[in-house]
């Protein structure tokens, strides 16, 4: 059955309107999100690869080159079979950095606008034949079915329709971060239609022409030349180049890149695609020989490219419509997606870098309109190319031109993923050389018959007399030259640090080592203010808000780490809007880092750790072992029972462990990446002063937190960078909460005092007894006295005796009192007076009251300390001296000042200290006394008090003749400045 | 971690084996569907790998 041109045109419009409806319904949310994001939709959308060349051209190619036609289907199948290895890293890069095309990827990786622009230009050039092929296929299929005589007119109308559709559903959002769900579902629907239609045509051939598989086998046995024609071309050696060309085109061609990476709605669907895409193309590939053989059997009259149409026309009925719809679906799908992708590339790499973006509030609208114009321009170019060359060349020839051109991107892509040493100079030279060879050795000889090959190539023995027959030679030669130049120039020319950094983030399995540079912007408002100039106030505000939302950060963020992440995210998001080159330049210009020395910068350890955590399941072998070790060390540090803070050289906090969280009540998440100056009081002053000071430790530091006093012991140490060039100056600060120890010490000291008071009680009773007796006698006398003078004398004596009692009680109270002065006050302490007081107290002890003690300290020796605690020190030392001195030989206390230190020696001539006790004498519960005579806490307390005063204590024993002990105490001298 | 090496081995292996594969293919005679069976088997292997392995990062 024949169709009129208008019928076919109406069918075409109807088909496109149907797609329009599918896309519209999806965008309106009429389809459930689960279905839209289902892997099957992604897999079917990748069927965009199956263009009119697959529907029509593959049959023609099989007719000419036998089984070589399978390379087209096997190439993409191979690419997707290797998807987890080959495509997943590209998807990761495009998603992470919002890269929407191969030009974006190259411009990002090689940090070059020129590379982006060159890739775009070459891509447009290499896609023109393929786009023209689609236009030609639709126009000629209409011509075959309707007999219309002017395919150029038909092609023009078709192009207008496609332009409208592409603009309506592909260019509604200005930024790549918005996915076109409607477009994806529409393309998936289109793929389903063409697979069903193409399969139906093959089944019509199998059952309508051969009466089933048996009939086909019988026919093949009767016509062995048919199989021989399939097998024979396999021997010509072009197989490798063919598979490679189609393998690469499945990744780099803009429509494939767009559907596989840019419009990917569900990254895990790529895994499903690894087996489902090859399955779809297997089904398509099986159909090709069936259609070919059926067409040959019935001897259709159409050119081999259109055997599908000729066969269905021969069968009759509505069958030919199936073939037409299949071809239309293939052509429209690639035309829409490829023009969208090419327009994005042209906008990002040709228009935006050349034209400074106007900072108006309508940036989004301006971008949208430029994209729409570029879509129309791209389709116009494809149409003009079709008009210029389409009539004279078969679908196969046009397809080959494009597929060979895509091979030029192979070296760059391999370099991007696997070779961090590749640079922009190499890529530029390689691409230009490969493109020139393609242009002069394949395109011009094929399209311009009058073109003569350059003599130089002729002299080299490379002959392209019939380029369409020897295209594989051109393909291999151009890629080889491209690859060699790419490698050579990459090795001999310098690579910038910026490019190396980008290369690290692109290379498979590598971890970028970002540096911790300081931004000039110090808060989110600074970001907005800086971006107003290039973006306008509304866009700047919106982009910063979007980036903050992406990072889950608040608007009041001031942490340097968070601001660096915000800068990166802004560059990524602007890259989706303006392309990586413009975005990078804009962020560099308006959100600069403070001047820094690249060789002496610290790595952003926090960022590296977060990346490692994200990818840890990917690590294997040695890397996994190292990661386990890292986690072990990190966990040890994290769960250490002491607070640990790691500080960068710029005082940025890069580590804050769990003990610090408990101690301060401030979470690590809040503090990491900020500075000590961002800490709340009272921690800010304590840690800032300690970190910036020269003192390596603060053994006893009190801190008022709310109504509580906490005692802390602080230590710090400098950390050197792991590499020689790296700046050192980072610190690790360890904080121990010793409040409980202090409390225990206080209790122990109190107990020790009580024990001393117990020992002194008998002496006190005796001392008080005498004046009391005297008072009693005086009072009796007073009762009998009548002389006023005598009464006055007795009263005076009674008062004297009462004062004596008061002094004794006061001494005891002073000794036993733990309060009074603030804890551990540092006051000027006259050592002579303290020692005298200690001697007086000792005199109260009945066992020690006859011990002679000589205080030879000068009144000028004034220490800086707590008088009560120092009194405790001397009471304990003198008690020990008296106990170790059965002969009651005198004890001498001498003192001297050495610069800023007061040195006091307490020397006895007693029994000395047994050797086995000397090393443990200052430990608690160590005593040489008989059971029941000592608690073993006395010297431990002495040691603790002296340490608290920042002093030291040492022992010499025996001094001479195996007798005698000397305790030497060093205490800081009191000076006015210290007190202040 | 060593996926790039796996890729290189796969590509070189396929390239080296391709003459033998093509020879075997050419000797198919009436079994013209032979390559499609191998292709189908590869899809089966890929399906099994996709099901049995967790691809982190995707």
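Here, each number is a calculation from the coordinates, and none is a lab measurement. Just so it is clear, the model here is predicted, and its values are computed rather than measured. A quick note on method: Cβ atoms are made from the backbone with ideal geometry, for glycine too, and the neighbour counts reach across all protein chains shown.
For this structure, a couple of remarks:
- Shape call, chain A: gyration tensor on alpha carbons, a/c limit 1.5: prolate
- Semi-axis lengths, largest first, of the ellipsoid equivalent to segment A:1-112 are 31, 26, 15 Å, with √(5λ) applied to each eigenvalue of the Cα gyration tensor.
- Radius of gyration and maximum dimension Dmax of segment A:827-963, Cα, Å: 14.4, 43
- Prolate/oblate/rounded call for segment A:517-595, Cα gyration tensor, a/c under 1.5 rounded: rounded
- Over segment A:5-492, relative contact order from alpha-carbon pairs under 8 Å, at least 6 apart, %: 29
- Helical runs (DSSP H, four residues minimum) scored at -39500 (n - 2.57) apiece and divided by the length of chain A put the mean residue ellipticity at 222 nm at -19500 deg cm²/dmol.
- Segment A:627-676-segment A:255-288 distance, computed between alpha-carbon centres (Å): 45
- Mean Cα-pair separation over length for chain A, i.e. relative contact order, pairs under 8 Å, 6 or more apart, %: 11
- Rg and Dmax of segment A:304-429, Cα atoms only, in Å: 20.4, 62
- Classified by the C-alpha gyration tensor, segment A:5-492 has an oblate form. Its axis ratio a/c, with a ≥ b ≥ c, is 1.5 or above, and a/b does not exceed b/c.
- By the count of other C-beta atoms within 10 Å, a proxy for reagent exposure, A:574, A:413 are ordered fewest to most as A:413, A:574.
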